[in-house]
1. Within region 211-244, how many residues turn out to be within 26 Å of the chain's Cα centre (by Cα) and closer than 16 Å to Val112 by Cα?
2. If I filter region 368-379 down to residues being within 7 Å of the ligand (Cβ to nearest atom) and assigned to a helix (DSSP H, G or I), which single residue comes out as surrounded by the fewest Cβ atoms within 10 Å (Cβ to Cβ)?
3. Considering each of Thr324, Thr315 in turn, give the residue that is open to solvent by 60 Å² or more (accessible area, probe 1.4 Å) and over 24 Å from Ala159 (Cα atoms).
4. For residues that are β-branched (Val, Ile, Thr) and more than 17 Å from the chain's Cα centre (by Cα), scanning just region 388-423, find the one that is surrounded by the fewest Cβ atoms within 10 Å (Cβ to Cβ).
5. Select from region 250-281 the residues that are open to solvent by 30 Å² or more (accessible area, probe 1.4 Å) and closer than 24 Å to His374 by Cβ and list them in ascending order.
6. Residue under question is Arg385, and the condition is that it be under 18 Å from Ile269 (Cα atoms), buried (at least 16 other Cβ atoms within 10 Å of the Cβ) and more than 11 Å from the ligand (Cβ to nearest atom); does it hold?
7. So Ile169 fits all but one of (1) without any contact (Cβ under 8 Å) to a residue 60 or more places away in the chain; (2) within 20 Å of Arg266 (Cα to Cα); (3) not basic (Lys, Arg); what number is the exception?
8. Mind listing whichever residues of region 208-247 are assigned to a helix (DSSP H, G or I) and open to solvent by 60 Å² or more (accessible area, probe 1.4 Å)?
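The values are calculated or read from the model by the stated rules, or taken from the named source; none is laboratory data. From a predicted model like this one, the values you see are computed outputs, not experimental measurements. Every residue, glycine among them, receives a Cβ derived from its backbone with ideal geometry; neighbour counts consider all protein chains shown. For accessibility, only protein heavy atoms count, side chains too; no ligands or nucleic acids. Shrake-Rupley method; radii C 1.70, N 1.55, O 1.52, S 1.80 Å.
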Amino acid sequence: MTIADLPLEDLDVIGAAHYASGGYPHPEWTRLRAEAPLHRFHPEGYRPFWAVTKHADIIEISRQPERFKSGGRFILFPELPGVDAAALDENPPLRMLVNQDPPEHRDFRGLVSRWFTPRAVARLEERLVDITDGLFDRLAASADEDGWVRADFVRDVAARQPLRMVCEILGIPDADEDFVLRITNQNFGLEDPEFALEGETQAERLAFITEAFAYFDRLIADRRERPGDDLSSVLANAEIDGAPVGQFELYSLLFLVMVAGHDTTRNGISSGLLALLDHPDQLDALRGDPDLIETGADEIVRWTTPVNHFVRTATEDYELRGVTIRAGEHLALFYASANRDEEVFEDPFAFRLDRDPNPHLGFGIGEHFCLGAHLARLDLRVFWRRFVARVAEIDHDGPVELLASSFVGGPKHIPVRMRIVPR
Ligand code: HEM
């Protein structure tokens with residue numbers, strides 16, 4: 001049976017295995033946008049949710065954080081046996097901006113926002129160029145006698161540049177980078193057999209959060225004693241309304257910056273490579289005119305949409321497109337679907353680095369608009385400029401494997417062979 005013949009309720013828009021085998025379910029979303037832009041799903045193993053697939057609806061919902069709260073259920077995740085999901089919503093293992101609401105959300109966002117303004121971020125450009133070139137230098141050293149470097153583009157390239165940058169912002173030393181990478185993989189790979197922790201209980205599945213908190217305990221104690229010029233030092237000594245920030249909220253915020261700050265950009269870089277290899281005309285155009293990346297970074301985010309969805313909960317009954325959403329019901333905002341909305345984007349299934357304007361929702365919108373959007377754009381711009389300067393040739397060298405997750409999307413492994421030229 002094709003997607004066009006299936007009853008709407010049988011469309012799979014969240015199964016992790018479906019994402020691992022076929023990537024984002026664009027055919028399903030295209031049908032939903034046309035026939036049922038607000039559709040209520042209740043797949044086996046999940047609590048029910050409304051799938052919001054239109055650009056305009058995601059904006060309308062995101063701009064009303066009091067009516068549609070982020071606290072509570074904030075991503076779609078299969079229910080765990082023996083775990084009371086509603087109780088978990090009330091007492092989440094992390095409380096970290098993405099599941100906070102006004103006015104608390106604003107106070108916490110205020111603690112970190114000045115580190116991510118366009119001006120603050122622009123100062124990091126030189127360092128980012130250095131990190132990226134250092135990465136290509138190290139890879140070049142492993143070339144075989146014919147000049148080919150063989151690597152896993154996700155693990156050895158895409159993950160490394162944003163990871164180093166976010167560790168530097170937080171003041172996390174080089175030696176702890178692999179720890180940060182492992183914690184991030186476990187966080188975003190909760191449904192992927194390669195990264196998920198063994199065990200069925202909630203405590204076993206979430207053990208990596210305890211590990212991260214133990215690390216932050218040492219980091220914060222150290223920065224209280226020896227404050228430095230990094231974000232951890234600022235947070236270690238931060239106050240809200242004259243009172244020190246609670247430990248749980250503080251560690252949650254550190255956790256968010258640590259994991260959100262590089263996994264997403266990693267997926268932008270690695271899915272970006274797949275997009276460019278699939279569209280050689282665009283890669284050639286970028287090689288001919290690296291300035292194309294000024295608009296191209298946003299097109300890569302639109303096309304790849306590394307963060308697929310976040311969830312909101314209605315706090316009161318609300319009418320949208322003639323449908324009544326009841327207080328307490330959950331809505332999944334599918335940013336990746338909005339980014340192909342035919343009513344907003346001309347030729348939405350064309351990947352064009354010069355697309356302008358590009359009002360994509362890859363960074364969300366409204367109260368929770370991505371704090372790191374300027375950093376992510378700069379990261380991508382620097383990366384692709386150095387890429388076209390340093391990587392003279394690149395090909396697939398084995399099968400691509402996708403992450404099994406409907407939350408963040410992207411490849412897990414891209415075996416490649418490439419020729420790297422000196423700086
Ligand atoms: C291409 C890369 C990135 C993408 C696609 C992305 C995407 C997103 C999206 C869609 C949201 C909205 C969450 C919601 O609707 O509730 C978000 C929030 C957030 N992002 Fe990013 N992000 C990226 C890079 C970064 C970077 C580099 C950082 C660096 C620290 C970062 C930090 C955050 C934080 C802290 C939030 C929470 C903001 C809030 O709830 O107020 N992100 N991001």
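1. Within region 211-244, residues that are within 26 Å of the chain's Cα centre (by Cα) and closer than 16 Å to Val112 by Cα number 8.
2. So the residue we want is Ala373.
3. Thr315
4. Looking at residues that are β-branched (Val, Ile, Thr) and more than 17 Å from the chain's Cα centre (by Cα), I get Val421.
5. Residues satisfying the conditions are Ala260, Thr264.
6. So Arg385 passes the test.
7. The one condition Ile169 does not meet is (1).
8. The answer is Thr210, Glu211, Asp217, Arg218, Arg224, Glu225, Gln247.
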